[in-house]
1. Mind checking which residues of segment 220-253 are touching a residue at least 40 places away in the same chain (Cβ under 8 Å) and either farther than 29 Å from Glu292 by Cα or basic (Lys, Arg) (or both)?
2. Taking the stated definitions as given, is Gly67 under 18 Å from the mean Cα position of the chain (by Cα), small (Gly, Ala, Ser) and at pLDDT below 95?
3. Restricting to segment 281-302, name every residue that is closer than 21 Å to Gly207 by Cα and surrounded by fewer than 18 Cβ atoms within 10 Å (Cβ to Cβ).
4. Test of understanding: among Leu125, Leu80, which residue is of a type outside the set (Asp, Glu), closer than 13 Å to Val408 by Cβ and at pLDDT 95 or above?
5. Is one or more of the residues making up segment 177-184 in contact with a Pro (Cβ under 7 Å, 6 or more places away or on another chain), of a type in the set (Lys, Arg) and either surrounded by fewer than 24 Cβ atoms within 10 Å (Cβ to Cβ) or under 20 Å from Gly201 (Cβ atoms) (or both)?
6. Counting only residues that are under 18 Å from Asp231 (Cα atoms), among the charged types (D, E, K, R) and either outside any loop (DSSP other than H, G, I, E, B) or at pLDDT 95 or above (or both), how many does segment 250-286 have?
7. Given the structure, is Ile339 of a type outside the set (Ser, Thr, Tyr) and in a loop (DSSP other than H, G, I, E, B)?
8. Can you pull out the residues in segment 378-418 that are more than 13 Å from the chain's Cα centre (by Cα) and among the β-branched types (Val, Ile, Thr)?
Amino acid sequence: MRDVNLMRRDISRVAENVTTPIELSTTRQNAPSRRELLRTACLASSLCLLSITHSFAADKPNSDLIGPKSWATFRRTADLAGVASSPLASKLKQKWKITSKDGFASTAAIVGDHVYVGTLSGEMLCLKRETGDTVWTYRTVDKVEKNSFAPGFQSSPAVTAEGVFAGDEDGVFHAIDRTTGKKKWSYASGGQIVASANVVGDKLIFGSYDSSLYCLKETDGKEIWKFQTADRVNGSPAVSDKHTFVTGCDQHMRVINIETGEQFADMPLERFLIASPAVSGDMLYVGTHESEVIALNWRQQEIVWRYTDPSRDQPFHSSAALTDKFVLIGGQDKLLHCIDRKTGAAAWTFATRGQVNSSPVVVGERVFVGSKDGFLYEVTLADGKLIEKYPVGRGISASPAVGEGCLVLGAEGNDGALVCFGE
């Protein structure tokens, strides 16, 4: 009797946490329907029933552990290097596809059996990784007034053991319970938040259009420190050791001590920076709005090299991916650029038919990136040769997330799609 009661309690708890999102449709391939699962459960023995009950309990997001194959934040690691640790199948297939009214501009997070992603229509979704079914939906506002709209999520979610964290277009930073999808707390900045948060221990660090970099306590949202810059903060803060790096419209690269919030270094770059920096040791790499990619030694506060393509004078809004040998970055010139990390010389370029504002991801010897032409491209790391391209949808500015054996990427626009690829 005790086992039966435990099963009933677990099923009840899971049922309370499942909601149905509005304006959301799901297409699944090779996935059993809920009706088929229930029919199987009815025919099973009591032993099978116990197994199924434990399976439902495993659907709880907080049962996932953030492991080495997870993609829990914007670029997976605190240094924003954009390198996946999870392998992908040699030939990707579409596992599922969902649509949302205004589409997806943020990069998804993938942890265990779940995918977390924000929509431009103001929803944060928790989805089952295998099927795309909705576990819970969180909304930035409870009610949308007539002739108005809910503030959307452009910033990518940062997922921890207990919470999901992201800022919205109205400047509110949301903390969401990972199990239930309910609000834990919120913090109102003074401007739009497009930058994704970085997680350092129990600290959440993010920038805002109010020209500030914030450090909040994860558990309750209390402000630990706030650093004022001279203009809007666009990029997500990279982290290396005890320092974080903030870039934006004030044309400076600032190094901030994470513990104290005090400025360690300030480098005037005389360049607008939309992209997030990527850091490796003492070196930082970032693309600029003035058509350059800059490599700088942040400790010595000197620029090591500048990369430009004089024939294609277009901004870099993509964030760089780093390997031991290369810096990979997308440009509004419709190219994916591969740059020698030591010298700053061009290694190769790959042409798409649209702007490449999506940030590339390195998976072993392959590189994946989205383009405004609506395709996800897969190319070889060594020489940029096309392996395959996959249709996603119009207006891709989000970056691929690669975790737990799958790749997830979204597109903007009316009924913009979120697509999961895997085996």
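1. If the condition is that a residue be touching a residue at least 40 places away in the same chain (Cβ under 8 Å) and either farther than 29 Å from Glu292 by Cα or basic (Lys, Arg) (or both), then Gly221, Arg232 are the ones that fit.
2. On the way: under 18 Å from the mean Cα position of the chain (by Cα): yes; small (Gly, Ala, Ser): yes; at pLDDT below 95: yes.
Considered against the rule, which asks whether it is under 18 Å from the mean Cα position of the chain (by Cα), small (Gly, Ala, Ser) and at pLDDT below 95, Gly67 comes out as yes.
3. None - no residue of segment 281-302 is closer than 21 Å to Gly207 by Cα and surrounded by fewer than 18 Cβ atoms within 10 Å (Cβ to Cβ), so the list stays empty.
4. Values: Leu80 fails: closer than 13 Å to Val408 by Cβ.
Matching residue, one of Leu125, Leu80: Leu125.
5. As a first pass, look at segment 177-184 and keep what is in contact with a Pro (Cβ under 7 Å, 6 or more places away or on another chain): 178-179.
Applying the additional criterion that residues be of a type in the set (Lys, Arg) yields 178.
From what's left, either surrounded by fewer than 24 Cβ atoms within 10 Å (Cβ to Cβ) or under 20 Å from Gly201 (Cβ atoms) (or both): 178.
Yes, segment 177-184 has at least one match.
6. So the count comes out to 3.
7. Working: of a type outside the set (Ser, Thr, Tyr): yes; in a loop (DSSP other than H, G, I, E, B): no.
Answer is no for this residue.
8. If the condition is that a residue be more than 13 Å from the chain's Cα centre (by Cα) and among the β-branched types (Val, Ile, Thr), then Val379, Thr380, Ile387, Val392, Ile396 are the ones that fit.
The values are calculated or read from the model by the stated rules, or taken from the named source; none is laboratory data. Note that this is a predicted model, so its numbers are computed, not measured. In this analysis, Cβ positions are derived from the backbone assuming ideal geometry, glycine residues included, and neighbour counts consider all displayed protein chains.
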